[in-house]
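Q: Please find one structure pasted underneath; my questions will follow.
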Amino acid sequence: MKLTKAFVVSDIHGQYDQFIELLQHWDRETQKLLILGDMIDRGKNSLKVVQEAMKLTQLYGNQVIVLKGNHEDMLLNFLDEPGHEYGELFFRNGGNTTAWEFAGDEHLMFKSYVERAELIKQRKDEINFIRNTRDYYDFGDVLFVHAGIDPYLSDWRKTDTHKFYWNRGWWNHKNETGKTIVYGHTPTQLIHKDKSNDIWIDEANKYINIDGGCVFGGQLNGIVIDNEGNLLEKYFK
């Protein structure tokens, strides 16, 4: 049976308990599950979140889609080139919690970047899973990304991968993709005039931001949307 609805969550950042609670609203019989990146960093249970995503992928196959966020991008860049530049970026942005969990070494921060990377790499299955997450997911009239697209391109598919993970402010441009774009990355309280953590939808109903800033004291948002771009339900924990 072709599934035409999706349950969507983004920017979990190690908030495992909220993630599990939110998943109680996912109808496994009728909906895909979309995780829009930033499973890791800042929160206390990044490893458990990644392992849960892995388990769900193993159980449900291509019914579960996981995207790469900028925090997964920082981790992989650090592991591939564990020097000062990528090390500083990763650890300055909450990577220490992920590193401790993956490495299993409470003295990790006293080691060199190269030593830290080698210890983290021992989690081969988890790292391989993260490495193979997607840049975007095209779902009928809906496009799922972590951060955004390049709005100046006539074909959004040619967006540089860095922009899929990192772009901000692009929602101020008219959506000319012909799709409703669902994304995270930028906490909605930075967009809402009332600083709300609720999902944000633009006036044309073509952009939907679901990052409720959970790890910053906000909330973990989840939505159900169909492949025609109709927002059916919204939840939060």
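Q: Over the chain, calculate the relative contact order: mean separation of alpha carbon pairs under 8 Å at least 6 apart, over the residue count, as a percent.
A: Over the chain, the number comes to 22 percent.
Q: Further question on the same structure: Leaving out ligands and nucleic acids, note down the accessible area per residue over the chain with a 1.4 angstrom probe, in whole Å².
A: The answer is 47 Å² per residue.
Q: Whole Å is fine, so just give me how far the alpha carbon centre of region 1-29 lies from that of region 136-163.
A: Result: 22 Å between the Cα centres.
Q: Then there is this: Just add up the charged neighbours of Thr159: K/R +1, D/E -1, any other residue whose Cβ is under 10 Å from the Cβ of Thr159.
A: Value of the local net charge: -1.
Q: Which links in Lys124/Lys206; Lys44/Lys237; Lys2/Lys68 stretch past 28 Å when you go from one Cα to the other?
A: Over 28 Å Cα-Cα: Lys124/Lys206.
Q: Under 13 Å from the Cβ of Lys44, count the other residues' Cβ atoms, weight Lys and Arg +1, Asp and Glu -1, and hand me the total.
A: Overall, the nearby charge balance is -1.
Q: Cα convex hull of the chain: how many Å³ per residue?
A: In the chain, the Cα hull volume divided by residue count equals 120 Å³.
Q: First check a/c for region 184-232, with a ≥ b ≥ c the square roots of the eigenvalues of its C-alpha gyration tensor; if it is under 1.5, answer rounded, and if not, answer prolate when a/b is larger than b/c or oblate otherwise.
A: Oblate, since a/c reaches 1.5 and b/c is not below a/b.
Q: Note the angle between two axes, namely the Cα long axis of helix 70-80 and the longest principal axis of the Cα atoms of the chain, as a number of degrees from 0 to 90, rounded to the nearest 10.
A: In the chain, helix 70-80 runs at an angle near 30 degrees to the longest axis.
Q: From the phi angles alone, apply the Karplus equation (6.51, -1.76, 1.60; θ = phi - 60°) to region 16-23 and give each ³J(HN,Hα) in whole Hz, x where the residue is Gly or Pro.
A: 4, 4, 5, 4, 5, 5, 5, 5
Q: Moving on to the next point. Considering only protein heavy atoms and a probe of 1.4 Å, how much of the accessible area of the chain is carbon and sulfur, as a whole percent?
A: Carbon plus sulfur share of accessible area: 44 percent.
Q: Please work out the C-alpha center-to-center distance from region 57-94 to region 174-225 and express it in whole Å.
A: With region 57-94 and region 174-225 each reduced to a Cα centre, they are spaced 22 Å.
Q: Under the definition of Cα pairs under 8 Å and six or more residues apart, what whole-number percent is the relative contact order of region 86-223? Don't skip to the answer; put the middle values down first.
A: Values: 189 pairs, mean separation 19.6, N = 138.
Once normalised by length, the contact order is 14 percent.
Q: Another one. Using Cα pairs closer than 8 Å and at least 6 residues apart in sequence, work out the relative contact order for region 1-91, in percent.
A: Rounded, it is 28 percent for region 1-91.
Q: Then there's this: With every atom except the alpha carbons ignored, what do you get for Rg and Dmax of region 77-177, in angstroms?
A: 17.1, 50
Q: Here is a further query. Can you give the net charge of the other residues whose Cβ lies under 13 Å from the Cβ of Gln15, counting K and R as +1 and D and E as -1?
A: Taking every Cβ under 13 Å from that of Gln15, the sum is -3.
The values are calculated or read from the model by the stated rules, or taken from the named source; none is laboratory data. Predicted model, so just to flag it, every value in this text is computed and none were measured. Glycine gets a Cβ as well: all are built from the backbone with ideal geometry, and neighbour counts include every protein chain shown. Side chains included, ligands, DNA and RNA excluded: accessible areas come from the protein's heavy atoms. Shrake-Rupley method; radii C 1.70, N 1.55, O 1.52, S 1.80 Å.
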